[in-house]
Amino acid sequence: MTTDAILSKLTTRAIGRRLHIFDTLPSTSDEIKTLAEQNAPHGTTVIAHHQSAGRGRRGRSFYSPEGDGIYMSILLSGPIPAKDSGRITCAAAVAVARAIEALTPASVQIKWVNDLLINGKKLSGILTEGKLDPDSGMLDYAVLGIGINLSTADFPPELQSIATSLKMATGVAPAPDALVAEILNQLEKTFHDTPAAFLEEYRRRSAVLGKTVTVIRGTETFSARAVAIDDTGALLVETETGTCTLSSGEVSVRL
């Protein structure tokens, strides 16, 4: 995977046009934050062949073996309303699903809010972070992190029953440069869609709607039925005491 190989396949105007590729990093999102503080332009993208400290939501680690996956982060320049961070994750999930399906025979579902699934197993995780301006309530910038299990054949024991890779699930592992370029192309297209358009597709791809899920909120755990995803990307669930709205920053959901 090289800069020239990716750039040659891009159709974007901004996303991915400033590209940095590393053999290894602690975290691509941390590198993007450093670049953001140095006034890097919108769409700047960082890719690593390996992450030593990749992370997911709620402080969890993201398994990032060398050469077996795609680990990338993209800078989205602000100001961005903080309430839109959930919709950024939804738009990105739709874009990555489209890119994967364009290059493989996969059928991709989305587990609210940020996991992509194939055959019920996790293929990809997406994490949106941002720098909040407390005076304006806006994000100075957002960092979109994307991790995809490309050709991983052997997961740690704790992940074997819940994770998969494109190679394992479909028998196809597309060239990394081609998949990265397609993701960046789809991201720019999806970000230009209306929220109604990508949220409609997000709902169609949902792996949770209509199902009973386990909600984890702090130290609280309870069962609920997932009934809707609203226009901000929040999940509405029905419990014994009524309907409640779950923000992606507050909770996790397990099938």
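The values are calculated or read from the model by the stated rules, or taken from the named source; none is laboratory data. These numbers were taken from a predicted model, which means no experiment stands behind them. Every residue, glycine as well, gets a Cβ built from its backbone with ideal geometry; the counts of neighbours run over all protein chains shown.
Does the range 182-196 contain at least one residue that is hydrophobic (A, V, I, L, M, F, W, C), more than 18 Å from Gly86 (Cα to Cα) and modelled with pLDDT under 95? Before you say what the answer is, go through the steps one by one.
Step one: filter the range 182-196 for residues hydrophobic (A, V, I, L, M, F, W, C), giving 183-184, 187, 191, 196.
Within this subset, residues satisfying the condition of being more than 18 Å from Gly86 (Cα to Cα) are 183-184.
Right, trim to modelled with pLDDT under 95 and you get none.
Scanning the range 182-196, I find no residue that is hydrophobic (A, V, I, L, M, F, W, C), more than 18 Å from Gly86 (Cα to Cα) and modelled with pLDDT under 95, so the answer is no.
Just to check your reading of the model, which residue among Thr11, Thr45, Thr28, Thr3 is in contact with a strand residue (DSSP E or B) (Cβ under 7 Å, 6 or more places away or on another chain), of a type outside the set (A, V, I, L, M) and more than 19 Å from Gly130 (Cα to Cα)?
On the way: Thr11 fails: in contact with a strand residue (DSSP E or B) (Cβ under 7 Å, 6 or more places away or on another chain); Thr45 fails: more than 19 Å from Gly130 (Cα to Cα); Thr28 fails: more than 19 Å from Gly130 (Cα to Cα).
From the options Thr11, Thr45, Thr28, Thr3, the qualifying one is Thr3.
Would you list the strands (runs of 3 or more DSSP E) that sit entirely within the range 132-249 and hold 1 or more residues that are outside the structural domain of Glu37 (by TED's automatic domain parsing) and over 16 Å from the mean Cα position of the chain (by Cα)? Show your work before the answer.
Numbers: elements: 138-149, 212-217, 220-229, 235-239, 242-246.
Filter on the range 132-249 gives 212-217, 220-229, 235-239, 242-246.
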Taking the range 204-235 and keeping only residues that are under 17 Å from Ser85 (Cα atoms) and in contact with a strand residue (DSSP E or B) (Cβ under 8 Å, 6 or more places away or on another chain), one is left with Ile229, Asp230, Ala234, Leu235
Working only within the range 21-56, note down all residues that are under 18 Å from Leu187 (Cα atoms) and more than 19 Å from the chain's Cα centre (by Cα). Pro41
In the range 91-113, which residue that is crowded, with 24+ Cβ neighbours inside 10 Å and modelled with pLDDT under 95 is farthest from Gly145 (Cα to Cα)? Trp112
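Out of the range 100-124, which residues are part of a strand (DSSP E or B) and touching a residue at least 40 places away in the same chain (Cβ under 8 Å)? Steps first, answer last, please.
Narrowing the range 100-124 to residues part of a strand (DSSP E or B): 109-111, 115-118, 121-124.
Correct list: Gln109, Ile110, Lys111, Leu117, Ile118, Lys121, Lys122, Leu123.
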Just give me the residues in the range 1-20 being surrounded by 16 or more Cβ atoms within 10 Å (Cβ to Cβ) and of a type in the set (Val, Ile, Thr), in sequence order. Ile6, Thr12, Ile15
